[in-house]
Amino acid sequence: VQLVESGGGLVQPGGSLRLSCAASGIIFSINALAWYRQAPGKERELVASITLGATNYADSVKGRFTISRDNARSTVSLQMNSLKAEDTALYYCNSKDGRWPWGQGTQVTVSS
């Protein structure tokens, strides 16, 4: 299994970013997927997950982030709007239970 995240960057508070994750080595379409993040000095946390028919979000991002998947391209995306400084973290994708090898992640920095 290989996971490659992209799309991070530096954005001002209130701005938007769209993260993307390309997966290989798995039967993508049958798996529940998720985005996680880890801020400096903090534990990795699950931000959003998507199964075949449902999405779930951490309370801290609900209403601002949207997770989606493209099974044909084996990608999962995270649209992040109204970004806040506390969203600054390294963002990763993985299965919903985090059982695959972790990728490099993509850094999101929200700062003015």
#### Entry: Cα-derived Rg to Rh of the chain, Kirkwood definition
0.94
### Mean-position separation - Cα centroids, the range 11-26 and the range 58-107, in angstrom
6
### Task
State to the nearest 20 debye the size of the charge dipole of the chain about its Cα centre, where the only charges are +1 on K and R beta carbons and -1 on D and E beta carbons.
120
### Query
PRE reach from Gln12 (point 7 Å along Cα→Cβ): which of the range 72-112 fall under 20 Å by backbone N?
80-89, 108-112
### Query
Between Ala72 and Glu43, how many nm apart are label points set 7 Å from Cα along the C-beta direction?
4.0
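Read-outs throughout are calculated quantities, based only on the coordinates presented, and are distinct from any laboratory measurement. The model shown is predicted, which means the values in this text are computed figures rather than measured ones. Please note: Cβ atoms are built from the backbone with ideal geometry, for glycine as well, and neighbour counts cover all protein chains shown.
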